[in-house]
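Notes to accompany the following structure.
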Amino acid sequence: MDKIEIVFQPMGKSIEVSPGTTVFDAARLLGIDLAAPCGGTGRCGKCLVKVLPSDTEGQWVLACQTPIDQAGTVEVPASGELVILAEGHAQGIPTDPAFVVEKNGELKHRAGVFVEKFEWDDPPLGLAVDIGTTTMVSYLYDLFSGKRLAVASLRNGQYLYGADVISRLSHALTGEANYQNLRSALVAGLNSLALSCAQEAQVNPEQIREIVMVGNTPMIHILLQLPLHGLANAPFQPYAKGPFYKTAEELGLTAVPKAVCYLPPLIGGFVGSDALAACLAQGFSWSDETKLLVDIGTNGEILLQKGAKFLAASAPAGPALEGGNIKHGMVARSGAIDKVTMDFDVHASVIGGGRAEGICGSGLVDALAEMLRLGIVDSSGRIQGVEELSPVISFKIKQRLKTHPERAVNLTKDIFITQQDIREVQLAKAAVAAAIKVILTEASIAPEDITELKLAGGFGNYLDPANAQRIGLLNGISLAKVQQVGNAAGIGSIRMLLSYGERLRAENMQKAFKHLELAMDERYQGLFLDQINFPNKEYERLKNPPDL
């Protein structure tokens, strides 16, 4: 069968494919960034491209639903630079590496794993990697001095197969070839990170002798080529928890052929080693403190330390809080509205300062919190009609409300929040808030008993805690106790890289955690329904103002 050549612009990449291949699949083969949170199923409507065959003027179509039947050109919209959070809050990290130097000058590993002979002209280096669903970050260190030499980050190449882990799991389970596509994207990213760090530090990649990698349960399973069926069906248990020691060769990390790879243990279910690393970085220990760590993404992770009791759960928040399943939602990159305030009009801050192309999670939470504060949205999540609004609401704000073809609120001329968008956020915030409630109930404590609430990860770092509280995301925990701690998983991976003692402490902590599988927990189902509505105090205040 004759192949058809298709050219993608403005990148100038071309490929020959069989007739009937979709534009999206052709782009996938070339590694071209097409926004497709749904993984190419046609649900999200965001993989828009302009197809330009020679006999038409071209039109905007969904790449995942458009088969290629003749040679031509595909115009891909420009995508801005992704905002990737690398730094986090942490105390001083002790330097106590897993490598020791024998009297004869040879390197030995304290875990007893085999280490290839090493020439001592240059010091051995280590790489700590946080494998996130959306982004990946790596940190290069001198193992003995503890000096940081480089940092690199990139988007997880698996995004081509869906924005969330469930979409990717579904793709992997449709066949071995698709599983290997996901794994190849992950391994390619890891190799790229290692080379980028080596290049920045101007060192030979072969000096990298140990790599510590943390990630959520599906990411680690895919990297290790473990069966995924247990994660796709209740009770959602990992095939193996670890810890794991592998050689770089076993994992396909050709950029760092002499490295020993350490993958810390998974806590349970979808709560992976990244959550364990975050707890390590934030000082979870056997103490009298009561700490709650919340990392909100497509899979929200909630972890509690109350004295000697350690509890963990994951909440299926879905991609809404990261811009997925939202009409004009997008990841946090240039062009995304990331902050919103409202007074006599709407004021939207855009990453990069240019024209708004969509809205990311932090902007979405801000917008909803402001709409609740002004009574534009009631506690049920319903967008009010103009005639229902308080007379104090400005004419400009009222002009932004529309009802056709569906209820929506315009933030800019082209970007608006729909009634369905609000429903998606309600489901996401209810999932997280109910999970927090179950954790507190299991520990027999109230929100006021929490001494510290750590908000971890990219979304937690850029989120306005007051607005998160207003929409009911944090379940009534005092804002005075909230700390935004950045990329805690990345900092935890660094601790385990530089200190063998910290590695052992993390392994002991993992054994102490009790994992709660919320899908099997009757309490969660009822609490989830209770948390769908927004807190009603703002709305009720506007509808029933006090007598003056």
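The values are calculated or read from the model by the stated rules, or taken from the named source; none is laboratory data. Note that the structure is a prediction, hence the values are computed from the model and not measured. Cβ: placed from backbone, ideal geometry, glycine included. Neighbour counts: every protein chain shown. For the accessible areas, the whole protein counts, side chains as well, though only heavy atoms, and no ligand, DNA or RNA atoms are used. Shrake-Rupley method; radii C 1.70, N 1.55, O 1.52, S 1.80 Å.
With all protein chains present, how much of the accessible area of segment 133-262 (probe radius 1.4 Å) comes from carbon and sulfur, to the nearest whole percent?
Details: 2450 of 4820 Å².
That share works out to 51 percent.
Which of the lysines could a cross-linker span from Lys309 if the Cα-Cα distance has to be under 27 Å and same-chain partners fewer than 8 positions apart are dropped?
Answer for Lys309, where 27 Å is the Cα cut-off: Lys241, Lys291, Lys429, Lys437, Lys454, Lys481, Lys511, Lys514, listed by chain and number.
In whole percent, what relative contact order does segment 111-268 give with Cα contacts below 8 Å and a gap of six or more residues? Before the final figure, lay out each step's value.
Values: 286 pairs, mean separation 37.2, N = 158.
Relative contact order of segment 111-268: 24 percent.
Where Lys and Arg each count +1 and Asp and Glu each count -1, what net charge lies around Leu293 among other residues with Cβ under 10 Å from its Cβ?
It works out to a net charge of -1.
Where does the Debye-calculated log10 I(q)/I(0) of segment 106-248 sit at q = 0.09, 0.10, 0.13, 0.21 Å⁻¹, using only Cα point scatterers of equal weight, no solvent?
These q points yield log10 I(q)/I(0) values of -0.32, -0.39, -0.63, -1.26.
Please identify the DSSP H helices in the chain that span no less than 24 Å along the helix axis (Cα) and have a mean Kyte-Doolittle hydropathy of -1.0 or more. Each step should come with its number before you reach the end.
Working: long enough: 176-201 (37 Å, 0.13); 419-442 (34 Å, 0.44).
For the chain, where a helix must reach 24 Å along its axis and average at least -1.0, the hits are 176-201, 419-442.
Relative contact order of the chain, please, whole-number percent, based on alpha carbon pairs below 8 angstrom and at least 6 residues apart.
Details: 1227 pairs, mean separation 82.8, N = 548.
Worked out over the chain, it gives 15 percent.
Tell me, what is the per residue accessible area of the chain in Å², probe radius 1.4 Å? Mind dumping the intermediate values first?
Values: 22450 Å² over 548 residues.
With all protein chains present, the chain gives 41 Å² per residue.
Where does the charge balance sit around Pro243 when Lys and Arg score +1, Asp and Glu -1, over other residues with C-beta under 10 Å from its C-beta? Please list the in-between numbers first.
Details: positive: Lys241, Arg503; negative: Glu507.
With Lys, Arg at +1 and Asp, Glu at -1, the neighbours total +1.
Among 398-410, 102-114, 359-371, how do they line up from the highest to the lowest mean number of other beta-carbon atoms within 10 Å?
On the way: 398-410: 14.8, 102-114: 11.5, 359-371: 27.5.
In decreasing order of mean packing, 398-410, 102-114, 359-371 become 359-371, 398-410, 102-114.
Once the dipole of the chain is set up with Lys and Arg at +1 and Asp and Glu at -1 on Cβ about the Cα centre, which of Gly358, Gly268, Gly329 lies farthest towards its positive end?
Gly268
Only one of the listed values, (1) 38, 29, 25; (2) 39, 33, 20; (3) 41, 29, 20, was derived from the coordinates as semi-axes √(5λ) of the Cα gyration tensor in Å; which label is it?
Computed from the coordinates, semi-axes √(5λ) of the Cα gyration tensor in Å corresponds to (2).
Considering only DSSP beta bridges whose two residues both sit in the chain, what percent are antiparallel, to the nearest 5?
Details: 62 of 93 bridges.
Antiparallel bridges make up about 65 percent of those DSSP assigns within the chain.
Taking the Cα centre as origin and putting +1 on Lys and Arg beta-carbons and -1 on Asp and Glu beta-carbons, what dipole magnitude results for segment 379-432, to the nearest 20 debye? Show your work: numbers first, answer last.
Values: 9 positive and 6 negative charges, 26 e Å.
Roughly 120 debye for segment 379-432.
Suppose every K and R has +1 on its Cβ and every D and E has -1 on its Cβ; what is the size of the dipole of the chain about the Cα centre, in Debye to the nearest 20?
Numbers: 49 positive and 60 negative charges, 148 e Å.
Using only the charged Cβ atoms, the result is roughly 720 debye.
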